Amino acid sequence: MPMGKAYSLEKDVLVIHRELTQLDLFVRDFVEVLRKHIAYLIVSGFVSIAAGRSRGTEDVDVLIPAVDSATFTLLFEELSGRGFWCYQGDTAKGVYPYIQELAHIRFARANQVFPNVECIPITSEKKAQYFEFRHPQKMRIKDFEFNIPPLEFEILYKEIILGGEKDLADAKHLRTVFSDILKRERFKEFEPVVRSHGH
Amino acid sequence: MAIDYVVYYAEKLKRNPDIFVQQKELIESQMQSSAAFFSGLFGKDFKAEARAYLREVGLL
């Protein structure tokens, strides 16, 4: 590991040179279950925080495919068995209609409310989200490796679609920290995709 | 000219990963405060009371 640098790129994996936080451990425990059943993509605030942005968060946003009922049931039951509870209900049967309607569902650790993982079901009809979902970038902190969007996509999404004060600061943080590896041509490539959000 | 603290902090962090230690302290302090607050807020039927609270704040 090179000294004096916050991150390195190792075989296309973005390695962040820091210790795991309790927030990372929460997300790691959730993702360990998630990845056994379905593909996923961690987006938004946690990406910036993982890269050192100094702010807290209550929600960790994760894109998931709108899976079939049987797959969802296995996932839900394993999450429940591993100590997560779902805001929306206690049974897979009761919560699955949310997935069918592409509504968000949230999970937290037993006897806690925050932080929570907000699962955002997507289909190919959500063009921008489906694009980032199919082009994951790997990030690693210690032994926790997880999928995030391409950095340029994440920055543009925060700047163009989200646009709130917190989002713009997150984007600025990512632009500054990763200025050595961000690619202008990828910004050009991704911008029309990001702007297709909602279409 | 005013300092852009987001850029200032990110530039510092880029060259000095020791700053991650401060970030870890901040994140964990917030998580501990939140856990302490909610553990005292709800009684025995945690989920039912938590869901009522979440409905009140528009998260459910």
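Distance between Cα centroids, the range A:36-68 to the range A:125-162: provide it in whole Å.
9 Å
Just tell me how shielded B:2-8 is by partners: mean number of partner chain Cβ atoms within 10 Å of each residue's Cβ, no decimals. Intermediate results must be reported in sequence, preceding the final value.
Details: counts 0, 0, 3, 2, 11, 6, 1.
Rounded to a whole number, the mean comes out at 3.
I want to verify a result. In a Gaussian network model of chain A, Cα cutoff 10 Å, which of these has the top mean-square fluctuation: A:Tyr157, A:Tyr130, A:Tyr87?
A:Tyr87
Once the cut-off is 34 Å, how many percent of the Cα-Cα pairs in the protein assembly as shown end up in the long-distance tail?
In whole percent, the share of Cα-Cα pairs in the protein assembly as shown beyond 34 Å is 18.
After finding the eigenvalues of the alpha carbon gyration tensor for the range A:75-199, what semi-axes result from the square roots of 5 times each, listed largest first in whole Å?
On the way: eigenvalues 181, 67, 37 Å².
In descending order, the three semi-axes are 30, 18, 14 Å.
Could you identify which residue out of A:Gln22, A:Gln100, A:Gln137 has the top mean-square fluctuation in a GNM of chain A using Cα springs shorter than 10 Å?
Checking each option, the largest mean-square fluctuation is seen for A:Gln22.
Let's see if you can work this out: charge +1 on each Lys and Arg Cβ, -1 on each Asp and Glu Cβ, no other charges. What is the dipole magnitude of chain A about its Cα centre, in debye to the nearest 20? Walk me through the intermediate numbers first.
Working: 27 positive and 29 negative charges, 90 e Å.
Computed about the Cα centre, the dipole is about 440 debye.
Per residue, how much accessible area does the range B:2-56 have with a 1.4 Å probe, in Å²? All intermediate terms of the calculation are to be shown ahead of the outcome.
On the way: 3530 Å² over 55 residues.
Accessible area per residue: 64 Å².
For the range B:2-56, state the semi-axes of the equivalent ellipsoid (square roots of 5 times the eigenvalues of the alpha-carbon gyration tensor), sorted largest first and rounded to whole angstrom. Intermediate results must be reported in sequence, preceding the final value.
Numbers: eigenvalues 278, 36, 12 Å².
In descending order, the three semi-axes are 37, 13, 8 Å.
Find, among the trypsin sites (Lys or Arg not before Pro) in chain B, those assigned to loop by DSSP (not H, G, I, E, B) with at most 14 other beta-carbon atoms within 10 angstrom.
Working: sites: B:Lys12, B:Lys14, B:Arg15, B:Lys24, B:Lys44, B:Lys47, B:Arg51, B:Arg55; in loops: B:Lys44.
Those satisfying the criteria are B:Lys44.
Tell me the Kirkwood radius of the range A:41-149: reciprocal of the mean inverse pair distance over distinct alpha-carbon atoms, in Å.
On the way: mean 1/r = 0.0678 Å⁻¹.
Every distinct Cα pair counted, the radius reaches 14.8 Å.
The values are calculated or read from the model by the stated rules, or taken from the named source; none is laboratory data. Quantities reported herein were computed from a predicted structural model and do not represent experimental measurements. Cβ: placed from backbone, ideal geometry, glycine included. Neighbour counts: every protein chain shown. Please note that ligands, DNA and RNA were not included when accessible areas were found on the heavy atoms of the full protein model with its side chains. Shrake-Rupley method; radii C 1.70, N 1.55, O 1.52, S 1.80 Å.
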